[in-house]
1. Give just the number: which of (1) out of contact with any helix residue (DSSP H, G or I) (no Cβ under 8 Å at 6 or more places or on another chain); (2) part of a loop (DSSP other than H, G, I, E, B); (3) at pLDDT 95 or above does Val287 not satisfy?
2. Starting from the range 69-88, take each residue that is in contact (Cβ under 8 Å) with a residue 40 or more places away in the chain and list its partners that are among the aliphatic types (A, V, I, L, M) and assigned to a loop (DSSP other than H, G, I, E, B), counting only C-beta distances under 7 angstrom and pairs at least six apart or across chains.
3. Among the listed residues Leu5, Leu32, identify the single one that is more than 18 Å from Glu197 (Cβ to Cβ), assigned to a helix (DSSP H, G or I) and touching a strand residue (DSSP E or B) at 6+ places or on another chain (Cβ under 7 Å).
4. Only one of these conditions is not met by Asp77: (1) part of a helix (DSSP H, G or I); (2) under 19 Å from Ala190 (Cα atoms). Which number is it?
5. Could you please find all residues in the range 95-124 being over 21 Å from the mean Cα position of the chain (by Cα) and assigned to a loop (DSSP other than H, G, I, E, B)?
6. Of the residues Ala40, Ala52, which single one is assigned by TED's automatic domain parsing to the domain that holds Asp170 and over 17 Å from Gly179 (Cβ atoms)?
Amino acid sequence: MDAVLEKLSKIGIVPVVKIDRVEDAVPLARALCAGGLPCAEVTFRTDAASGAIKAITEKFPQMCVGAGTVLNAAQVDAAIGAGAQFIVSPGINPKTVKYCLDKEIPITPGTSTPSDLEQAIEFGLEVVKFFPAEQSGGLAKIKAMSAPYVNMKFLPTGGISAKNLTSYLDFDKVVACGGSWMVSGDLINAGAWDRIEQLAREAVQLMLGFELAHVGINAENEEEAAKAAERFSFLFGVPAKPGNLSIFAGNILEVMKTPYFGKQGHIAIRTNYMDRAVNYLEGVLGVEFRWESAKKDEKGKLKTIYLKEEIGGFAVHLVQK
C-alpha cells in the first residue's frame, strides 16, 4: 500500500472538509491537530480549496492533506501544486485515475459496485473510496464485495458518524473512514474552532477506546507472586491463572514472578487498534515507546508494547482488545 495511504490507515479518521474562505484553513487545521487528527481531505467544492490546501500545508507540514471531490486533471494539478499529498474522487473516472497514476500521485476513486472495483483492479489500485457508504449499503455491502476481491481495501465515506465509526474500522479491509461530523460547514463558517477540536478529540478517543485492562505488581520471586495472587483470588472470588512470567488473579491483577518494568508495577491499557493508538501517542502526543518490549501475534500484528515513561511509579503498556 502507498506510504500516504499507510499513514491515513494509522490515523484512522480522515476529516472531510468543505472550506468557503481561505482564512479559515489555518485555524481549522490547528483545531484538528490539537484534537489529535493531523489530516484532512479538503474538497474541491468551493473556489477556496487550493488556497486552503496551500495555507494548511505551509503552516502545518506534519499534516497529511489531500484533495477531495477531484473531477479532472486540471483539479489534480491545482491540488498537487498547492501541496496535496493524495487525491480522492467521488467516482472512478478513468482519465483522472490514469492521470494520477502516470504522475505517481496516490488516488482513491469512489466506488460502490463490483464493476467499479474491477475497473480499479485493472488500474492496479489497492485502496478505493466506498461512496456514499451508508446509502450504498454500508458495511454489509463492503463485506459482501470484498469476498471475491480479496486484495482490495476500502476508505468508506458518506454517512459515517460517531455511531458507526468503530463498526467500520473493526473490519480489516477498511483502512480508514472519511467523515465530516466533526468539521461541519456550519462549525467552520461560525469559526467554532474549540468545538471542532473537542469533536476531533472525542472521535479519536472513541476510535481508540482506551480502558483499563489490569494492574500489575512486582513480586520478588515466584513464591511471593503466588501468595499475592492467591490472596487476591480468595478475597474477590476470581481464579488464579499461573503463566510463564506472572500469575493472574482473574483479569484484574497480574503479579510478576520477578521484578519487571515499573518501580511499583505496571498498568495495562486496552485499545481497539494498537497501530492507531501507537501512532496517536507517538505522533501526536510525543510519547516514546520501549520497542524492545513489543510483542506480536502470529500474523505479525502488534499486541502489546510498553511506554518508556513511568507514571506514579508504574510502567504503562498498551494491549490489543
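The values are calculated or read from the model by the stated rules, or taken from the named source; none is laboratory data. It should be emphasised that the depicted structure is a prediction, and the values quoted were computed from it without experimental measurement. Cβ: placed from backbone, ideal geometry, glycine included. Neighbour counts: every protein chain shown.
1. Single failed check for Val287: (1).
2. Qualifying pairs under 7 Å: Val88/Val70.
3. Values: Leu32 fails: more than 18 Å from Glu197 (Cβ to Cβ).
Only one candidate qualifies: Leu5.
4. Of the numbered conditions (1) part of a helix (DSSP H, G or I); (2) under 19 Å from Ala190 (Cα atoms), the odd one out for Asp77 is (2).
5. Selection gives Lys103, Glu104, Ile105, Ser112, Thr113, Phe123, Gly124.
6. Details: Ala40 fails: over 17 Å from Gly179 (Cβ atoms).
Result: Ala52 is the single residue among Ala40, Ala52 that is assigned by TED's automatic domain parsing to the domain that holds Asp170 and over 17 Å from Gly179 (Cβ atoms).
Residue by residue, here is whether (1) within 26 Å of Met207 (Cβ to Cβ); (2) among the aromatic types (Phe, Trp, Tyr) holds:
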| site | (1), (2) |
| --- | --- |
| Asp47 | no, no |
| Thr57 | yes, no |
| Phe60 | yes, yes |
| Tyr99 | no, yes |
| Ile107 | yes, no |
| Thr111 | yes, no |
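For (1) out of contact with any helix residue (DSSP H, G or I) (no Cβ under 6 Å at 6 or more places or on another chain); (2) at pLDDT 95 or above; (3) closer than 16 Å to Arg201 by Cα; (4) buried (at least 24 other Cβ atoms within 10 Å of the Cβ), each residue gets a yes or a no:
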| residue | (1), (2), (3), (4) |
| --- | --- |
| Asp2 | yes, no, no, no |
| Leu8 | yes, yes, no, yes |
| Gly12 | no, yes, yes, yes |
| Val16 | yes, yes, yes, no |
| Asp20 | yes, yes, no, no |
| Ala25 | no, yes, no, yes |
| Leu32 | no, yes, yes, yes |
| Leu37 | no, yes, yes, yes |
| Glu41 | yes, yes, no, yes |
